[in-house]
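Trainee: Provided herewith is a single structure, encoded as structure tokens, for subsequent inquiry.
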Amino acid sequence: MKNMLKNFTILYVEDDEMVRASAVEYLSREAKEVLEAKDGKDAIKVWREHKPDIIISDISMPRLNGIDMASYIRSHDKDVQIIIATAHSDTEYLLRAVELQLVKYIIKPITKEKLIVALERSIELINDKSKFSLALSKNTKYNAFEKVIYEDDKEVKLTKNETLFLDLLAHHHTRVVKYEEIESAIWPYDGMSQDAIRSLVRGLRKKVPHNSIENVSGSGYKLHIYSK
């Protein structure tokens, strides 16, 4: 696994302190950074603050299990790679793992070999996503993996909410993104006011090509992709 993880941040989630410490020690020798959490709720806090590239989590944990944690994170983050480990092969969990687009469902004990296979697959998926780029004009592109707009190869600075909004539109650029989806992605706790969304769109429109973002009355917003 030499140098395979040197550019990636990993979050390891496990309620057993000895198991977690051992895994973190091993992964720390390979990855750019290794974060840790003792359960699903703790993991969500760490994910929200640090946005790791890969999450490795046990299923059975107090307060919030691994599958429910993954479900919450996946509803807000389509890019993070999630690997789930469990002591049992449960059909219901396997089906949910597929629905949540998890990288791997590892049956314990977690061996170095099993972990390497799962991590290699995670990196393949990350590298594939890095190629995902949408043209907004002849000279402007949005890189959906980096979550960055480039105009003439120069980065256009975005606010946190502008990035969340544009990324949501980019991943669903073939359709109108509903107001409810926008509220869930950007204002899940406070709710979305008309002033907030209008201010957000007004600011973002100043940074993207003319007519890139369309307001579909009574429905939501759509991102228009440039074609020659």
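The values are calculated or read from the model by the stated rules, or taken from the named source; none is laboratory data. Small disclaimer: the values here were computed from a predicted structure and weren't measured. Neighbour counts run over all protein chains shown; Cβ positions are idealised from the backbone, glycine included. Protein only, heavy atoms only, side chains kept; ligands, DNA and RNA dropped before computing areas. Shrake-Rupley method; radii C 1.70, N 1.55, O 1.52, S 1.80 Å.
Trainee: Yes or no: Ser28 surrounded by 17 or more Cβ atoms within 10 Å (Cβ to Cβ), touching a strand residue (DSSP E or B) at 6+ places or on another chain (Cβ under 6 Å), within 19 Å of Lys112 (Cβ to Cβ) and of a type in the set (S, T, N, Q)? Working first, answer last.
Mentor: Working: surrounded by 17 or more Cβ atoms within 10 Å (Cβ to Cβ): no; touching a strand residue (DSSP E or B) at 6+ places or on another chain (Cβ under 6 Å): yes; within 19 Å of Lys112 (Cβ to Cβ): yes; of a type in the set (S, T, N, Q): yes.
In short, no.
Trainee: Taking only the range 44-70 into account, find how many residues are over 17 Å from Arg121 (Cβ atoms), open to solvent by less than 40 Å² (accessible area, probe 1.4 Å) and in a helix (DSSP H, G or I).
Mentor: 6
Trainee: I need the full set of residues from the range 141-166 which are open to solvent by less than 60 Å² (accessible area, probe 1.4 Å) and at pLDDT below 90, in order please. Don't jump to the end; show me each part of the working.
Mentor: Going residue by residue through the range 141-166, those that are open to solvent by less than 60 Å² (accessible area, probe 1.4 Å) are 142-144, 148-149, 156, 158, 161-166.
Result: Asn143, Ala144, Val148.
Trainee: Sticking with this one: Restricting to the range 71-87, name every residue that is surrounded by fewer than 22 Cβ atoms within 10 Å (Cβ to Cβ) and either more than 25 Å from Ala185 (Cβ to Cβ) or among the small types (Gly, Ala, Ser) (or both).
Mentor: Result: Ser71, Ser75, Thr86, Ala87.
Trainee: Return a yes/no flag: does the range 72-88 have any residue that is at pLDDT below 90, within 30 Å of Lys154 (Cα to Cα), polar (S, T, N, Q) and under 16 Å from the mean Cα position of the chain (by Cα).
Mentor: Taking every residue of the range 72-88 in turn, none turns out to be at pLDDT below 90, within 30 Å of Lys154 (Cα to Cα), polar (S, T, N, Q) and under 16 Å from the mean Cα position of the chain (by Cα).
Trainee: Moving on. Could you tell me whether the range 4-11 includes any residue that is exposed (fewer than 15 other Cβ atoms within 10 Å of the Cβ), modelled with pLDDT of 90 or more, over 15 Å from Ile83 (Cα atoms) and not acidic (Asp, Glu)? Break it down into steps so the answer makes sense when it comes.
Mentor: Looking only at the range 4-11, we keep the residues that are exposed (fewer than 15 other Cβ atoms within 10 Å of the Cβ), and these are 4, 6-7.
After this cut, where a residue has to be modelled with pLDDT of 90 or more as well, the list is none.
Looking for residues that are exposed (fewer than 15 other Cβ atoms within 10 Å of the Cβ), modelled with pLDDT of 90 or more, over 15 Å from Ile83 (Cα atoms) and not acidic (Asp, Glu), one finds none in the range 4-11, hence no.
Trainee: If you don't mind, there's one more thing I want to ask. Looking at Ser193, Ser133 in this structure, which one is polar (S, T, N, Q), under 30 Å from Leu5 (Cα atoms) and free of Cβ contacts under 8 Å to residues at least 24 places away in the same chain? Don't jump to the end; show me each part of the working.
Mentor: Working: Ser193 fails: under 30 Å from Leu5 (Cα atoms).
Testing whether each residue is polar (S, T, N, Q), under 30 Å from Leu5 (Cα atoms) and free of Cβ contacts under 8 Å to residues at least 24 places away in the same chain leaves just Ser133.
Trainee: Taking Ser227, is it touching a residue at least 12 places away in the same chain (Cβ under 8 Å), open to solvent by less than 60 Å² (accessible area, probe 1.4 Å) and polar (S, T, N, Q)?
Mentor: Working: touching a residue at least 12 places away in the same chain (Cβ under 8 Å): yes; open to solvent by less than 60 Å² (accessible area, probe 1.4 Å): no; polar (S, T, N, Q): yes.
Here the answer is no, as Ser227 does not meet what is asked.
Trainee: In addition: Restricted to the range 31-43, and to residues that are open to solvent by 10 Å² or more (accessible area, probe 1.4 Å) and assigned to a helix (DSSP H, G or I), which residue is farthest from Ile10 (Cα to Cα)?
Mentor: Ranking the candidates gives Lys41 first.
Trainee: Has the range 100-118 got at least one residue that is farther than 21 Å from Ile197 by Cα, small (Gly, Ala, Ser), under 15 Å from the mean Cα position of the chain (by Cα) and modelled with pLDDT under 90?
Mentor: So far as the range 100-118 goes, no, none of its residues is farther than 21 Å from Ile197 by Cα, small (Gly, Ala, Ser), under 15 Å from the mean Cα position of the chain (by Cα) and modelled with pLDDT under 90.
Trainee: Across the range 172-224, what is the number of residues that are open to solvent by less than 60 Å² (accessible area, probe 1.4 Å), within 30 Å of Ser71 (Cα to Cα) and not hydroxyl-bearing (Ser, Thr, Tyr)?
Mentor: Going through the range 172-224 one residue at a time, the tally reaches 21.
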